[in-house]
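Below you'll find the structure, written out as structure tokens, and then a few comments.
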Amino acid sequence: MTNRPAPLATLPDADFYGFEDLLSDTEKNKLTELRNFLAAEVLPHAVHWWNEARFPSELLPKLAALELSTPVQQGYSPLFAGLVIAEMTRADTSLATFFMVHHDLFVEALHAFGSDEQKERLLDDARALRITGAFALTEPEHGSDVAGGMATTAVRDGDEWVLNGAKRWIGNGTFCDYMVLWAREPETGRTRGFLLDATLPGVTRTRIENKTALRTVQNADIVLTDVRVSAADLLAGVESFDDTKELLRGSRIMVGWQAVGTQLATFDVARAYAVDRLQFGRPLAAFQLIQQQLVQILGNAVASTGMLARVTELEHGGYPVLSADGSPGASPADGGAARGEMARAALAKSYASARMRESVALGRSILGGNGIVTDYRMAKIFADAEAIYTYEGTYEINTLIVGRDITGVSALR
Ligand SMILES: Cc1cc2nc3c(=O)[nH]c(=O)nc-3n(C[C@H](O)[C@H](O)[C@H](O)COP(=O)(O)OP(=O)(O)OC[C@H]3O[C@@H](n4cnc5c(N)ncnc54)[C@H](O)[C@@H]3O)c2cc1C
């Protein structure tokens, strides 16, 4: 007997515990609008863009029309903001990465640390993607240790600052209009942030070629040679590297949501393949070992979603605790903050990205040989997962941040 599986449409979704059910009706409708957009405008083309290593700039007006820039600031819930990134990643990790670099790093930096004049000048255009932004922190010689080792310098000269140095891996860096660029004052060691017009004389941008992950994202090497920046473009609210870290904490959590989205995509693709593909006269899905692998992917995805859902709530103050009579009580966030907000974000990112790595390896294996050609999507998902594992603090660095928090002893210097 063939033991044909049920039609895919009648099988449960990868959101097995129904996290989406926790959203308001407005948010559910908005997520459906996003899904329809991704199904129509992104999924049919994403592998082609990736193979060609081409960023689809023609998509930007339609992406902006969804009005999903920094959802929490618009009044949406933290869970909704996370699920937006997970859904985008589920369709295309590169698109989600572009979106996060622009909105969760560039727009957030402008919002959090920009002067009134800077916000007036740039914020509306940035939210509507009429201008695009990047976030330039990592350097050729300083990745994990950039906090202490940043070599790019900013020297005040009258009404201007003079920037010298180099940045590496800068997402959107080849085409962005502006980048939030981090540099250090040599005399004081103080970290400064700039809203750098990427077309200024002395800024050289070179695309990083031959990537095996996130090929649609345009990463750049940036060289700064005596770049003169108006004092009006200093990010006014930045006091120290702690402000940089605050931005990274928020985007680190969003990268955790990318690890969730990657696993949802893995489950979608691997299960569909297992249900469809016949070997030994039976669907792969009928074999016990394949079922176990699919269940492991699902369990990893659900566990990662639960962890990210909670850390995202905590990051935004937590849900209010109701008293016994149902009236609002104390916020649970106070106790959480004392435990180290960065460590909480780091644990979510490192755990979810480790589960993701297991999941994509299983998914790739379920597709057999077809798991290594991008035509079947799984190879692209598998490759892109490696970037998620590394950026926004590598697995190791995030682990050591948690290790420091739980032991009181730093393994980092
Ligand atoms: C696709 C992609 C996009 C990116 N986009 C951006 C961007 O838009 N803007 C930006 O500023 N940066 C960006 N980055 C840079 C990213 O943040 C860095 O790659 C990351 O911080 C790691 O730095 P590194 O690559 O120099 O590795 P390294 O720091 O050289 O680390 C190499 C290895 O050593 C390990 N290691 C280092 N120190 C320790 C230690 N003390 N203990 C144990 N292990 C250690 C690391 O975990 C890693 O496994 C991007 C990177 C990638 C790959």
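The values are calculated or read from the model by the stated rules, or taken from the named source; none is laboratory data. Because the structure is predicted, anything quoted here is derived from the model rather than measured. Cβ coordinates were reconstructed from backbone atoms using ideal geometry, including for glycine residues, and neighbour counts include every protein chain displayed.
What the table shows:
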| read-out | value |
| --- | --- |
| Residue that is away from the ligand (no atom under 16 Å from the Cβ), at pLDDT below 95, part of a helix (DSSP H, G or I) and farther than 25 Å from Ile297 by Cα, where the choices are Gly326, Gly336 | Gly336 |
| Qualifying residue in the stretch 123-142 (condition: more than 23 Å from the chain's Cα centre (by Cα) and among the hydroxyl-bearing types (Ser, Thr, Tyr)) | no |
| Subset of the stretch 363-393 (residues that are in a helix (DSSP H, G or I) and either modelled with pLDDT under 95 or within 30 Å of Ala147 (Cβ to Cβ) (or both)) | Ala383, Asp384, Ala385, Glu386, Ala387, Ile388, Tyr389, Thr390 |
| Given (1) more than 13 Å from the ligand (Cβ to nearest atom); (2) assigned to a loop (DSSP other than H, G, I, E, B); (3) modelled with pLDDT of 95 or more, number of the condition Thr212 does not satisfy | (1) |
| Residues that are among the small types (Gly, Ala, Ser) and either in contact with a strand residue (DSSP E or B) (Cβ under 8 Å, 6 or more places away or on another chain) or under 29 Å from Thr216 (Cβ atoms) (or both), drawn from the stretch 148-177 | Ala151, Ala154, Gly165, Ala166, Gly171, Gly173 |
| Thr199 assigned to a strand (DSSP E or B), of a type in the set (Val, Ile, Thr) and surrounded by fewer than 17 Cβ atoms within 10 Å (Cβ to Cβ) | no |
| Matching entry among Ala387, Ala346, Ala411, Ala352 (being in contact (Cβ under 8 Å) with a residue 60 or more places away in the chain, within 12 Å of the ligand (Cβ to nearest atom) and aliphatic (A, V, I, L, M)) | Ala387 |
| Residues of the stretch 236-275 classified as without any contact (Cβ under 8 Å) to a residue 60 or more places away in the chain and either assigned to a helix (DSSP H, G or I) or surrounded by 22 or more Cβ atoms within 10 Å (Cβ to Cβ) (or both), total | 1 |
| Some residue of the stretch 183-191 being within 10 Å of the ligand (Cβ to nearest atom) and modelled with pLDDT of 95 or more | no |
| Residues that are of a type outside the set (A, V, I, L, M, F, W, C) and within 15 Å of the ligand (Cβ to nearest atom), drawn from the stretch 373-384 | Lys380, Asp384 |
| Neighbours by Cβ (under 7 Å, 6+ apart or cross-chain): first from the stretch 89-118, within 19 Å of Arg130 (Cα to Cα); second of a type in the set (D, E, K, R) | Val107/Arg127; Leu110/Lys119 |
| Yes/no for Asp226 being of a type in the set (Asp, Glu) and part of a strand (DSSP E or B) | yes |
| Residues of the stretch 390-408 classified as more than 8 Å from the ligand (Cβ to nearest atom) and among the small types (Gly, Ala, Ser), total | 2 |
| Candidates Gly369, Gly408, filtered to the one that is closer than 19 Å to Val269 by Cβ and either surrounded by fewer than 23 Cβ atoms within 10 Å (Cβ to Cβ) or hydroxyl-bearing (Ser, Thr, Tyr) (or both) | Gly369 |
| Condition broken by Arg90, with the remaining ones in (1) in a helix (DSSP H, G or I); (2) crowded, with 20+ Cβ neighbours inside 10 Å; (3) in contact with a strand residue (DSSP E or B) (Cβ under 8 Å, 6 or more places away or on another chain) satisfied | (3) |
| Subset of the stretch 4-38 [more than 27 Å from Met307 (Cα to Cα) and of a type in the set (Gly, Ala, Ser)] | Ala6, Ala9 |
